[in-house]
Amino acid sequence: KIAFLLLPLLQATHVFAHGFVWKLGVNTQTYTGNLPGATAAASVIREIATQDPVKGATNPSLTCGQNSTAGSLVADANPGDSVTFDWRDGGLGNWPHTTGPMLTYMASCGTKACNDFDITQAKWFKIQQDGMMSSSTWYLANVAAGAVANASIPRNLAPGNYLIRHEIIALQIAVSMGGAEFYPSCSQLRIGGDQTGAPQTSELVSLPGAYSDTDPGIYTPDVYNPGFTYTFPGPPIASFISGVASGNNGPTSGN
């Protein structure tokens, strides 16, 4: 009887140990998403079917999350705007994981609004990446403590329709091959202004396609060893972006 009583508790703990982006902030505007698998309300955040992690670097759900579907709204933003990502566990508590990087990408949707764009055609460029604050602590630990992750729209980004993709790669079991847990989340933006910045063709990648399960930033057998240094997967930050340094744009407090 005890085993049967414990089973629902273990299942609930397993569910809550994963998560998703619940809210997106663009400057002073906040957009709420949908619970995974729920009946979708209007949002700029693409809905995912489950808060479970994407497993495997070639998984099609690596693009924007588990079987993601487009939101019906698009958020207006401008170059230089701050963007925040409020990550939550399955019960809307704090994000559960403390080990791993956060990476932010964008992709042009061309002339289409991003709620009508085929995300399998997206070509992504990296705008930010946040890893370790010290030899043993990750910026991700701040998110687990209740902070929001943050990024900035590049100050010189050309106007247009863009997806913004924020990704956590949880490494707590990545000491084994295939143990990395990918949590990507995509939101739909329309960038104004009159800037001209754009990535070079060589800086554009497909997701999946840019990662391998053997990459040193994805398979990390030494992640808990003293002196471990982290190597980010994927492309470098796009060269047109100025004033963004890897690992120096960690989360800020807020819910």
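Suppose we filter T99, T84, T63 for residues that are polar (S, T, N, Q), within 12 Å of the chain's Cα centre (by Cα) and under 27 Å from Y219 (Cβ atoms); which single one remains?
Of T99, T84, T63, the one residue that is polar (S, T, N, Q), within 12 Å of the chain's Cα centre (by Cα) and under 27 Å from Y219 (Cβ atoms) is T63.
Tally time: how many residues in region 105-160 are without any contact (Cβ under 8 Å) to a residue 24 or more places away in the chain, part of a loop (DSSP other than H, G, I, E, B) and closer than 16 Å to C64 by Cβ?
Residues flagged as without any contact (Cβ under 8 Å) to a residue 24 or more places away in the chain, part of a loop (DSSP other than H, G, I, E, B) and closer than 16 Å to C64 by Cβ within region 105-160 amount to 1.
For every residue, the table says whether it meets (1) at pLDDT 95 or above; (2) polar (S, T, N, Q); (3) in contact with a Ser or Thr (Cβ under 7 Å, 6 or more places away or on another chain); (4) under 23 Å from P36 (Cα atoms).
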residue	(1), (2), (3), (4)
F125	yes, no, no, no
I153	yes, no, no, no
A158	yes, no, yes, no
I164	yes, no, yes, yes
I173	yes, no, no, no
E181	yes, no, no, yes
S202	yes, yes, no, no
S206	yes, yes, no, no
A210	yes, no, no, no
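If you go through region 182-192, how many residues are touching an Asp or Glu at 6+ places or on another chain (Cβ under 9 Å) and part of a strand (DSSP E or B)?
Adding up the residues that qualify gives 7.
So T39 fits all but one of (1) in a loop (DSSP other than H, G, I, E, B); (2) modelled with pLDDT of 95 or more; what number is the exception?
(2)
Determine which member of the set T32, T84 is among the β-branched types (V, I, T), in contact with a strand residue (DSSP E or B) (Cβ under 7 Å, 6 or more places away or on another chain), free of Cβ contacts under 8 Å to residues at least 60 places away in the same chain and closer than 25 Å to A144 by Cβ. Give the steps one after another, and end with the answer.
Values: T84 fails: free of Cβ contacts under 8 Å to residues at least 60 places away in the same chain.
From the options T32, T84, the qualifying one is T32.
All but one of (1) in a loop (DSSP other than H, G, I, E, B); (2) without any contact (Cβ under 8 Å) to a residue 60 or more places away in the chain hold for Q195; state the number of the condition that does not hold.
Every condition holds for Q195 apart from (2).
Which of the residues belonging to region 30-55 are of a type in the set (A, V, I, L, M) and surrounded by 21 or more Cβ atoms within 10 Å (Cβ to Cβ)? Don't jump to the end; show me each part of the working.
Restricting attention to region 30-55, the residues satisfying the condition of being of a type in the set (A, V, I, L, M) are 35, 38, 40-42, 44-45, 48-49, 54.
Listed by number, the residues that qualify are V44, I45, I48, V54.
What pairs come out if I take residues in region 207-230 that are over 14 Å from G100 (Cβ atoms) and without any contact (Cβ under 8 Å) to a residue 60 or more places away in the chain and pair them with residues that are surrounded by 13 or more Cβ atoms within 10 Å (Cβ to Cβ) and of a type in the set (A, V, I, L, M) whose C-beta lies under 7 Å away, six or more apart or interchain?
P221/V175
The values are calculated or read from the model by the stated rules, or taken from the named source; none is laboratory data. No experiment lies behind these values; they were computed from the predicted model shown. Here Cβ is always computed from backbone atoms with ideal geometry, including for glycine, and neighbour counts include all displayed protein chains.
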